[in-house]
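Here is the structure we will look at.
The values are calculated or read from the model by the stated rules, or taken from the named source; none is laboratory data. No experiment lies behind these values; they were computed from the predicted model shown. FYI the Cβ positions are ideal-geometry reconstructions off the backbone, even for glycines, and counts take in every protein chain you see.
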Amino acid sequence: MKNRKKALKNKSIFVGVTGGVAAYKTVDLVRRLKDEGASVTVIMTDASKNFITPLSLEIASGNKVYSGLFDSPMTHIKLPRDADLMVIAPATANIIGKFANGIADDLLSTCLLSFRGKVVIAPSMNWRMYENPIFQENLKRLLSHGVIQIGPEKGELACGEEGTGRMAETSEIIEAVKSALSKKDFSKKKKL
């Protein structure tokens, strides 16, 4: 295992954690990103702290976890400036709506607006919320601006109902991150 090539070596990944029950899966995501060689910085929304502790993510990432917009001046500019990619997992209807409409009222949403690289979102919510036409408009707006969506999956939800809304598996999110960061060489391809 020591000789395995680390696909994300020297990459800086910024992970945003929002207030959904799937937040507990983010500890494994952060650990797996580090296993792939990435440096991981985590921002938590206040709502996410109802599901997981900052300490858990600090231990998994090996870095300070950020959450307060006013804890340190210019954090919303400094943090995302050097990141290669941002992952929002879980991406709740709230953060997707904020991002789609340019709302910046907490550290994560301000970082999203100041970031200039690729963004991967892993939606997670009740199926009714996911299928809501207003939410779907917000999601389509983000996708039209190049945001990469992974999941959600269909299955049993935290509320006990069945439907589309489960956050994608960690392995799928990791693959989406690798794909988003890989250089696609089309120089030798013929155009049709």
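Being in contact with a strand residue (DSSP E or B) (Cβ under 9 Å, 6 or more places away or on another chain), on the phi > 0 side of the Ramachandran plot and in contact (Cβ under 8 Å) with a residue 12 or more places away in the chain: is that true of Gly146 here? Yes: the conditions hold for Gly146. In this entry, Ser124 passes the filter for residues that are among the hydroxyl-bearing types (Ser, Thr, Tyr), modelled with pLDDT of 95 or more and farther than 27 Å from Ile77 by Cβ. Go through the residues of the range 117-124 one by one and say whether even a single one is of a type in the set (Ser, Thr, Tyr), closer than 25 Å to Lys6 by Cα and touching a residue at least 60 places away in the same chain (Cβ under 8 Å). Among the residues of the range 117-124, not one is of a type in the set (Ser, Thr, Tyr), closer than 25 Å to Lys6 by Cα and touching a residue at least 60 places away in the same chain (Cβ under 8 Å), which makes the answer no.
The residue of the range 93-130 that is surrounded by the fewest Cβ atoms within 10 Å (Cβ to Cβ), among those that are among the hydrophobic types (A, V, I, L, M, F, W, C) and not in a helix (DSSP H, G or I), is Ile103. Looking across Val40, Val65, Val27, one residue alone is within 19 Å of Ala180 (Cα to Cα), at pLDDT 95 or above and not basic (Lys, Arg). It is Val40.
Let me spell it out: the conditions are (1) among the polar types (S, T, N, Q); (2) over 17 Å from Met167 (Cβ atoms); (3) free of Cβ contacts under 8 Å to residues at least 60 places away in the same chain, and Ser56 meets all of them except one. Which number is the exception? The single condition Ser56 does not satisfy is (2).
When we screen Ala158, Ala100 for residues that are small (Gly, Ala, Ser), at pLDDT below 90 and under 30 Å from Leu69 (Cβ atoms), the only hit is Ala158.
Quickly run through the range 51-75 and pick out the residues that are of a type in the set (Gly, Ala, Ser) and either touching a strand residue (DSSP E or B) at 6+ places or on another chain (Cβ under 6 Å) or crowded, with 17+ Cβ neighbours inside 10 Å (or both).
Kept after step one, since they are of a type in the set (Gly, Ala, Ser), are these residues of the range 51-75: 56, 60-62, 67-68, 72.
Matches in the range 51-75: Ala60, Ser61, Ser67.
Answer yes if at least one residue in the range 10-32 is aliphatic (A, V, I, L, M), in contact with a Gly (Cβ under 8 Å, 6 or more places away or on another chain) and crowded, with 18+ Cβ neighbours inside 10 Å, and no otherwise. I'd like the intermediate steps shown before the answer.
From the range 10-32, those aliphatic (A, V, I, L, M) are 13, 15, 17, 21-23, 27, 29-30; that's our starting set.
Among the residues that remain, those that are also in contact with a Gly (Cβ under 8 Å, 6 or more places away or on another chain) are: none.
Checked against the condition, which is being aliphatic (A, V, I, L, M), in contact with a Gly (Cβ under 8 Å, 6 or more places away or on another chain) and crowded, with 18+ Cβ neighbours inside 10 Å, the range 10-32 yields no hits at all.
Restricted to the range 131-175, and to residues there that are touching a helix residue (DSSP H, G or I) at 6+ places or on another chain (Cβ under 6 Å) and small (Gly, Ala, Ser), the residue that is surrounded by the most Cβ atoms within 10 Å (Cβ to Cβ) is Gly165.
Collect the residues in the range 37-50 that are outside any strand (DSSP E or B) and either small (Gly, Ala, Ser) or surrounded by fewer than 19 Cβ atoms within 10 Å (Cβ to Cβ) (or both), keeping them in residue-number order. So that I can check it myself, show each step before the final result.
The first filter runs over the range 37-50 and keeps only residues outside any strand (DSSP E or B), leaving 37-38, 45-50.
The answer is Gly37, Ala38, Asp46, Ala47, Ser48, Lys49, Asn50.
Apart from one condition, Gly151 fits all of (1) in a helix (DSSP H, G or I); (2) under 17 Å from Lys25 (Cβ atoms); (3) without any contact (Cβ under 8 Å) to a residue 40 or more places away in the chain; the exception is (1). Within the range 76-92, being touching a Leu at 6+ places or on another chain (Cβ under 7 Å) and surrounded by fewer than 19 Cβ atoms within 10 Å (Cβ to Cβ) holds for one residue alone: Asp84.
Tally up the residues in the range 13-31 that are in a helix (DSSP H, G or I) and farther than 16 Å from Asp46 by Cβ, please.
Taking the range 13-31 and keeping what is in a helix (DSSP H, G or I), we get 21-31.
The next check asks that each one be farther than 16 Å from Asp46 by Cβ; those that pass are 22, 24-25, 27-31.
Counting residues in the range 13-31 that are in a helix (DSSP H, G or I) and farther than 16 Å from Asp46 by Cβ gives 8.
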